[in-house]
Amino acid sequence: MEKAIIGIDIGGTNTVIGIFDRDLALLEKVSIPTLKPNFPAITNNPKEYFDLLTYEITKLADKNGYQDRIQCVGIGVPGKINPKKGIAIRAVNLGYRDVPFADEMKNRLQVPVFIDNDVRTYTRGEAQAGAGKGYNNLISITIGTGMAASVMIDGNMVVGSDFFAGEIGHDPVQGVETLCNCGKKGCLETIASATGISRLATEAIQTNQSTILKEIERPITSKDVYEAALKGDKVALEVFDYVGKTLGYKLLSAIYLVNPDVIIIGGGGAQAGKLITNPVEEIIKENYLNDKLPQVKIGQLGDSAGLIGAASLAIANK
Ligand SMILES: [Zn+2]
């Protein structure tokens, strides 16, 4: 009898669980709260969360006619992950330290379980069925509250010597002094993130530049800046241009190293579309010597990319 594949995307607030048929078509997905210890507590075994996941996976399989017929489970976890041993080494936003994630879930479900970093599962999803379909060499970045990247070379996901590959968000931008969440100054993610976009716009307002953003009487969000840019607001357009170009220069080094077919931009920041991709493309065009330029694309799968990628991670390893 045909079996189902489970893909899970864990976020800081919510966890989305998807059930797929053997052709990786999504049958149904559910969203549940991510259970985590109260900050600043840290756990190495979130038992209640594992029990909740097991309950929800079993319920989803039963409901879709796959009772006791789960083939494998793949999970994207935000943080530093060892996909080979299935351990969440450090997940700051979840309060995890050295959690034997895959083994704990495997013991409960009695099927193979695989985990990886959520940016890598995102990339797998886009490579499987989205903007990266048909390409073997790609760089993808996700722009949200923070930012991170992941790299696929010759069809293989790069994890690095101790699973830290892709953490470009903490690469410092010369001359920038803004304090990052990590404690360092001037990290790329202090600029190329939703946080960075709202901060840059707020700073521009404080220097008394003329902008429609001045009319907003609450803290400026990245969405406000996006909407102002669509209306042609000069300050908002300049913010996106600076963010895109700063990102473009950082990506340029990676492009020279990897020679990718495609750069995929995802996460909430991808909604900015051409406001981000145009300046990135401009920097690449001006500075990349190769005849063939990598395409710069916005991710096509949105929130589903992480789910599809997690399912395809499980299929690839089972
Ligand atoms: Zn940082």
In region 215-241, anything in a helix (DSSP H, G or I) and surrounded by fewer than 16 Cβ atoms within 10 Å (Cβ to Cβ) is listed as GLU215, LYS223, GLU227, LEU230, LYS234
Residue pairs meeting the criteria (Cβ under 8 Å; at least 6 apart or on separate chains; first under 14 Å from ALA305 (Cα atoms), in region 4-30; second open to solvent by less than 40 Å² (accessible area, probe 1.4 Å) and among the aromatic types (Phe, Trp, Tyr)): ILE6/PHE20; GLY7/PHE20; ILE19/TYR66; LEU26/PHE20
Kindly indicate whether any position in region 200-208 is of a type outside the set (Val, Ile, Thr), more than 20 Å from GLU227 (Cβ to Cβ) and surrounded by 15 or more Cβ atoms within 10 Å (Cβ to Cβ). no
Within region 32-135, considering only helices (runs of 4 or more DSSP H) that don't extend past its boundaries, which have at least 3 residues that are touching an Asp or Glu at 6+ places or on another chain (Cβ under 9 Å)? 47-63, 118-129
For region 170-191, give me the residue count where each residue is more than 8 Å from the ligand (Cβ to nearest atom), open to solvent by 40 Å² or more (accessible area, probe 1.4 Å) and either more than 21 Å from the chain's Cα centre (by Cα) or under 23 Å from THR221 (Cβ atoms) (or both). 5
With respect to LEU301, is the statement that it is within 30 Å of LYS29 (Cβ to Cβ), open to solvent by 20 Å² or more (accessible area, probe 1.4 Å) and not in a helix (DSSP H, G or I) true? yes
Go through ILE141, ILE87 for me and flag whichever is within 16 Å of the ligand (Cβ to nearest atom), at pLDDT 95 or above and among the hydrophobic types (A, V, I, L, M, F, W, C). ILE141
Just name the residue that is nearest to THR195 (Cα to Cα) out of those in region 147-169 that are open to solvent by less than 50 Å² (accessible area, probe 1.4 Å) and within 16 Å of the ligand (Cβ to nearest atom). MET147
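The values are calculated or read from the model by the stated rules, or taken from the named source; none is laboratory data. Everything numeric in this text was worked out from a predicted model, so none of it was measured. Cβ atoms come from the backbone with ideal geometry, glycine included; neighbour counts cover every protein chain shown. These accessible areas exclude ligands, DNA and RNA; they are computed on the full protein's heavy atoms, side chains included. Shrake-Rupley method; radii C 1.70, N 1.55, O 1.52, S 1.80 Å.
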